[in-house]
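Asks: I have a structure here, written as structure tokens, and I will follow up with some questions on it.
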Amino acid sequence: DDLNERVLETESSSAYLDRLASCAARILNAQYRKHLFSLSLGLDGVRFFKWERTYTVVSCAFDLSTEGKYLIEFLYRFYALTDSGRGMDDTVILATDEETSLSEPVLRPWIYQKCYPTFVKIRVPDGGSEREVIAGPAIAIPKGIPGRATLGLPVYDMKTGTLGFLKDTWRDTSLPHELKMLKTLNDAGVRNVPTLVCGSVILGQTTTSHKYINEDCNLGAYPPVFCIREHQRILTKEVGRPLSHFKSPKQLMRIVYEAFLAHEGAFTICKILHRDVSSANILTIYDDKAPKDNYDVKPTVSARLLLDLLSFLINAKGTWQFISTRLLADGSQKHLSQDDFESFIWVTLYHGLRYLQHSKVGPVLRSLIPYIFDRFGYLGDGKFSEVSRSLV
């Protein structure tokens, strides 16, 4: 009977599934993994799960008291798997004591946790060979399971002995390579974008859950378009700090201006429109040779700029808080350069209100920021529209 074979869509079952997904997300995002196997012992029986960055494969429930052979077979097969087969990323291993002592002084300024960090050695595709880098804790980690799962890591390049930034992500195979876009921008001389060192897709690390969508055993969703993701790493020279770390109003304006120049160059020279100008996509690169009290730094746009450049292929409109008023009023409108220009204004206003001293303080400020940037209204036809921008 179908009810026994499906996950019942009740409030309690949904809450239980949320807990399972939350635990799986914590493991996948804390470890270097391709996928994760888990099992659940619930009131309806035992289920097996395979979690990937696209879909999750869930078995039918079976009664442990009468069909325990399935659990025994699963555990036996799991025991026989290699670490890679169990989901571990075999291109990442623990760094040796010698490698840790060599890289820690370089990476220490980017380590914010108080406990002693773990250092790992990661292999990055470099043409026909591989380049080894040492990484400590990530400064950008994914929150959920499905999606690009972007991981941002300051790394020590073993080949050059220098600091670099590694972006580890699961790219959608139906979209153009971000690596090629970055190379295009570098070759065209676009300023204030990351400088590519090396990178590529990791062979043998592609999601497989889509293969079960059209199988007769599938009792779940049937998406009209399959999503297949492959593991990609990109190493760049620059390591930036968040926009929120600016030190003065002058520096804030300088950072946003330099990011605007990067946007201008990508659009005018390479005909690439960003479509997601936001605080998360603007990082600051400090000039190590400048005096420490000199706030006139040279900022750059992080590699996430290029990741979100691909958003136009899936009709994405940007980050909610910084989307232009025109697109919020009518999401069906085509994204134009003027919309990105307006997003720069909202990014500046947001950081000015939140991080600079001004007359709007206390409860007034706490209510003003969400009123301007997070408030929305339901139009009744399936669209959501921001309703407060007209008051600014």
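Asks: Set the bar at 32 Å for Cα to Cα. Now go through Lys237/Lys334; Lys50/Lys167; Lys34/Lys271; Lys50/Lys159 and name every pair that lies beyond it. Don't skip to the answer; put the middle values down first.
Replies: Numbers: Lys237/Lys334 34 Å; Lys50/Lys167 25 Å; Lys34/Lys271 35 Å; Lys50/Lys159 37 Å.
Among Lys237/Lys334; Lys50/Lys167; Lys34/Lys271; Lys50/Lys159, the Cα-Cα distance tops 32 Å for Lys237/Lys334; Lys34/Lys271; Lys50/Lys159.
Asks: Also: Scan the range 29-99 for trypsin sites (Lys or Arg not before Pro) in coil per DSSP, keeping those whose Cβ has at most 15 other Cβ atoms within 10 Å, and list them by number.
Replies: When the trypsin sites (Lys or Arg not before Pro) of the range 29-99 are filtered for loop state and at most 15 Cβ neighbours within 10 Å, Arg86 remain.
Asks: Treat the count of other C-beta atoms within 10 Å as a stand-in for reagent exposure and order His351, His245 from fewest to most.
Replies: Working: His351 19, His245 13.
Placing the least packed residue first, the sequence is His245, His351.
Asks: Testing the spin-label approximation: label points 7 Å from Cα along Cα→Cβ at Ile369 and Asp126. State their distance in nm.
Replies: Each label point is offset 7 Å from its Cα along the Cβ direction, giving 4.2 nm.
Asks: If you don't mind, there's one more thing I want to ask. Taking N as the number of residues in the range 110-257, what value does Rg over Cα atoms divided by 2.2 N^0.38 Å take? Walk me through the numbers before you get to the answer.
Replies: Working: Rg = 18.4 Å, N = 148, 2.2 N^0.38 = 14.7 Å.
In units of the globular-protein estimate, the range 110-257 measures up at 1.25.
Asks: How are the alpha carbon pair distances in the range 11-80 distributed across 5 Å bins from zero to the largest one, expressed in percent?
Replies: 3, 14, 25, 24, 19, 12, 3, 0
Every read-out reported here was derived from the displayed coordinates using simple, explicitly stated rules and does not represent laboratory data. Everything numeric in this text was worked out from a predicted model, so none of it was measured. FYI the Cβ positions are ideal-geometry reconstructions off the backbone, even for glycines, and counts take in every protein chain you see.
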